[in-house]
Amino acid sequence: MAAKLKKGDKVVVLAGKDKGKQGEITAVMPKDNKAVVDGVNVAIRHTRQSQNSQGGRVPKAMPIDLSNLALMDKNGKATRVGFREEDGKKVRFAKTTGDVI
């Protein structure tokens, strides 16, 4: 099945502690049904100092479930994703506006 959300998509969080926040997907994990969105679901990780890094408390975006994310259309509102065929290619489109993503 084709992916409704992909890396680089602008999304809005629908549920959880970060409800209403917006961000861009930086990584998708289809097997776990999760995605990493920058600035959303941030946890503090304590890292040890090494030759390469300073160490200390480092904020890190943790994976969030795909069911809690919705794609943003050109108006900045949450939309569902649909599929249709154009010129022999399968394309994603926003259900609210009908625009191809």
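The values are calculated or read from the model by the stated rules, or taken from the named source; none is laboratory data. Quick caveat: nothing in here was measured; it's all calculated off a predicted structure. Heads up, the Cβs are rebuilt from the backbone with ideal geometry, glycines too, and the neighbour counts pull from every protein chain shown. Heads up: the accessible areas ignore ligands, DNA and RNA and are worked out on the full protein's heavy atoms, side chains in. Shrake-Rupley method; radii C 1.70, N 1.55, O 1.52, S 1.80 Å.
Some notes on this structure:
- Positions within segment 7-22 being in contact (Cβ under 8 Å) with a residue 24 or more places away in the chain, under 8 Å from the mean Cα position of the chain (by Cα) and open to solvent by 50 Å² or more (accessible area, probe 1.4 Å), in sequence order: 10
- Positions within segment 23-67 being open to solvent by 60 Å² or more (accessible area, probe 1.4 Å), closer than 17 Å to residue 78 by Cβ and under 9 Å from the mean Cα position of the chain (by Cα), in sequence order: 24
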